[in-house]
């Protein structure tokens, strides 16, 4: 419609007043009186103009505001309904917002680097010489950098502690586009040893250990026996993959032996693509360089392919599936909450028939009534959303603390604008979609029936009954899908926990030590420390102590190439790999790893006696499929030009679940700390078994360590049973969350089903009264109600099972020892929901059957 | 809506005014003043149309396209805005009328036979 002007309206009013004045004059009034009376009769002309104005611009807004105020008044009048509805939605929406805030942080928000889409990572660890060659030969990358995290001892404080050090190579900080808070960061210029040892400290280290000293630049700190000069501070806001680290230094300076070695692959490599270069182009160029490296350095590079991956993919790889499953789960929770919400509104709608009928009779159209109900529904859902946002805030905090150790999170989890918008949209959408059907149902009536009927007691329309039944069926179906998922995870987790790890974890204390190179470069010093430590610990009453280089289920593993005596020689670099574990003599006995053949390490196996090794069963299966391994000889693949150092296999040990219960053991070779010539194996786990609780031993053990070396910090101090539990951490996390959502879903669905059935029973009071008056026993009444509910539950269960079979397939990768269609789980879940249906219908049925028929008939 | 009691005549409920306007226009285009007078006359002076409330109502009906308007000249040669019923308005009138009659009958039954 073309816009009507203000003036036009004003002149219409003037015309009206003139006409009225004329009429009054015709009745004999004087001209002045007539005009005054006409103006009086019109009332306030300015007000009319204002109304005209408002209605032009904001007719809908006016209606909306009126509806909202009316709705708020109506809700205040039924606080029970309002608070149950808001609480239900708050739970459903809050769970969604919490999980979405994690998804937003992990999967959606841009990583906190300059142009993060241009950063890629190499999927496998690299050696520095290879990366140097790649940097020299490639044209796709603006910069290439690498990092390697390790522990360095810090002895500048009260007690020696271990710091996490990020050792950088090439242009590591440049790749990420990070700048220093003070001073500068580590760059290629620091790789030259003559530049002196320099270090960049984290903001936290500067604040906690240096007292935020403004003159920190130039100060010197001792790290693993060497002095380092601080040249910069890294801002607190910077989070890098694999970090947070306490200090940053040059890989070439800290690892002068390993860093220049082409066969030491310990660096995580990252590249920044040149502007306009696609990852595909960079990848094909890199593969060409791979082939060149393979020809130039066949020993170290044969068969080595370097695959690029966007940084984001690299970081979230494992968590994406679990997050999406959780998101699906909270989606189901929300749907159940919505079904409850719709059920509540349906009940409320039919108790408001009279009100609707009166408004309809007074001229409000059906759309107008629907809009009124929808406005109330959206009001409720927005209030629920606001409360849900509060819950989500708490939930996100709980999620963070549950998974404090997760590396994947460079972006902090919080309720940001996107999470807020997401919440607002699902809240409003929930109110609209799930308010619409009840609103249509409530507004579909003719005024006479509405005005005639009482507020309750009359039987409900068939359409409404069908709607309520549909809600019961869908609540059961949705809850079943979620419970099935959680049930499968519970079974997986129980399977994981019941896996025999191949060793005994109880009453064992473990801690990690690493002898600093500065003080323990010579093998003889390392051996002396180890034997004195073991003597000292074993002298404690009732205590057995041993050492191992890689603790089972701790997460670390070391693989090495090896050769078997008498087998045809393989080209250099193609020797098979095997897990290498260096131990002291008592280790297998101490963890009660069973011996399957041959003998254990014994006292006669010393530094100067013939070299011996023990292999595990997987090793025998892989390398001696038809025969005994005992007596054969193996050697770590020797450096080119050197002879192998043969070790005789004296025994076969049982397999242990080195990588946690979910992964099978791999072939492994145990050798002896007493015999190993490898100086670089300066780290060890101290393993102590005693009859008392592991924690009670801690003080004594650290005291013995510090007697030998006051500057050695024990780290990773845990009971072995904690190590075992830690190996199922992520499964536990998934289980806890999905389990919590399933419990929430079950609770909501139970309440919802109970509410719907109780309401329908209440609506049938009169009918029940008639039936009882006609001789039906209360048992028959209860039976028929419960039977009806169970029939609905059966329909819901059938749909839910079909849905679960479709949905749980997506979880296959999260399961262990149980299939996604596990019939026992499904049967159990169906049983739980059947129970819910029986209880939810039995309670209202029993109370309905107890009411004397006459009072039920009279109740009006 | 302001409610000033001026005499014994009945004030018109919101919603019913729309119906009355539509009904009045069935006899042909009329300006606002004419509509107000016509309602008063045809209701045997029982119904009072507050002139100030009339125009927002007309505006509302026009926006819903139940009536259309154009400027013209009144019988006593004054310029006035004349309103006419549209086809949609005619349909709306039929609908509202039957609804109103049902309502009136229902209320009548609820109130029961007149007592005095």
### Message
Checking the condition touching a helix residue (DSSP H, G or I) at 6+ places or on another chain (Cβ under 7 Å), surrounded by fewer than 16 Cβ atoms within 10 Å (Cβ to Cβ), in the same structural domain as residue A:179 (by TED's automatic domain parsing) and over 20 Å from residue A:121 (Cα atoms), which residue from A:298, A:260 passes?
### Response
A:260
### Message
Name the residue that is modelled with the lowest pLDDT, counting only residues in the stretch A:1-27 that are facing another protein chain (nearest Cβ under 7 Å) and farther than 17 Å from residue B:50 by Cα.
### Response
A:1
### Failed condition for residue A:543, given (1) within 30 Å of residue A:819 (Cβ to Cβ); (2) surrounded by 15 or more Cβ atoms within 10 Å (Cβ to Cβ)
(1)
### Message
Just to check your reading of the model, which residue among A:242, A:215 is at pLDDT below 85 and in a loop (DSSP other than H, G, I, E, B)?
### Response
A:242
### Query
Can you pull out the residues in the stretch A:796-807 that are within 22 Å of the chain's Cα centre (by Cα) and farther than 9 Å from residue A:484 by Cβ?
none
### Task
Check A:830, A:836, A:753, A:818 and return the single one that is assigned to a loop (DSSP other than H, G, I, E, B) and either in contact (Cβ under 8 Å) with a residue 60 or more places away in the chain or on the phi > 0 side of the Ramachandran plot (or both).
A:818
### Message
Give me the residue from the stretch B:66-84 that is more than 9 Å from every other protein chain (Cβ to nearest Cβ) and not in a strand (DSSP E or B) and, out of that set, surrounded by the fewest Cβ atoms within 10 Å (Cβ to Cβ).
### Response
B:77
### Summary
All-but-one check, residue B:87 against (1) exposed (fewer than 14 other Cβ atoms within 10 Å of the Cβ); (2) within 12 Å of another protein chain (Cβ to nearest Cβ); (3) at pLDDT 90 or above, failing number (2)
### Message
Need the failing condition index for residue A:350 against (1) crowded, with 16+ Cβ neighbours inside 10 Å; (2) closer than 30 Å to residue A:435 by Cα; (3) within 40 Å of the chain's Cα centre (by Cα), just the number.
### Response
(3)
### Message
So, in the stretch A:639-651, exactly how many residues are without any contact (Cβ under 8 Å) to a residue 12 or more places away in the chain and closer than 17 Å to residue A:579 by Cα?
### Response
0
### Task
Looking for whichever is under 12 Å from residue A:485 (Cβ atoms) and surrounded by 18 or more Cβ atoms within 10 Å (Cβ to Cβ) here; the options are A:810, A:826. Which one fits?
A:826
### Query
For the stretch B:21-60, how many residues are touching a helix residue (DSSP H, G or I) at 6+ places or on another chain (Cβ under 9 Å), away from chain A (no Cβ under 11 Å) and assigned to a helix (DSSP H, G or I)?
8
### Query
Mind checking whether some residue in the stretch A:357-365 is in contact with a helix residue (DSSP H, G or I) (Cβ under 8 Å, 6 or more places away or on another chain), in contact (Cβ under 8 Å) with a residue 24 or more places away in the chain, more than 13 Å from every other protein chain (Cβ to nearest Cβ) and surrounded by 21 or more Cβ atoms within 10 Å (Cβ to Cβ)?
no
### Query
Can you tell me which residues in the stretch A:638-690 are at positive phi and either part of a strand (DSSP E or B) or surrounded by fewer than 19 Cβ atoms within 10 Å (Cβ to Cβ) (or both)?
A:641
### Query
Could you count how many residues in the stretch A:691-710 are at pLDDT below 90 and crowded, with 20+ Cβ neighbours inside 10 Å?
2
### Query
Is there a residue being in contact with a helix residue (DSSP H, G or I) (Cβ under 9 Å, 6 or more places away or on another chain), in a loop (DSSP other than H, G, I, E, B), within 26 Å of residue A:709 (Cα to Cα) and at pLDDT 85 or above anywhere in the stretch A:187-199?
yes
### Message
I'm trying to understand the selection: among the residues of the stretch A:189-207, which are surrounded by 17 or more Cβ atoms within 10 Å (Cβ to Cβ) and under 29 Å from residue A:275 (Cβ atoms)?
### Response
A:190, A:191, A:200
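The values are calculated or read from the model by the stated rules, or taken from the named source; none is laboratory data. Note that this is a predicted model, so its numbers are computed, not measured. Cβ atoms come from the backbone with ideal geometry, glycine included; neighbour counts cover every protein chain shown.
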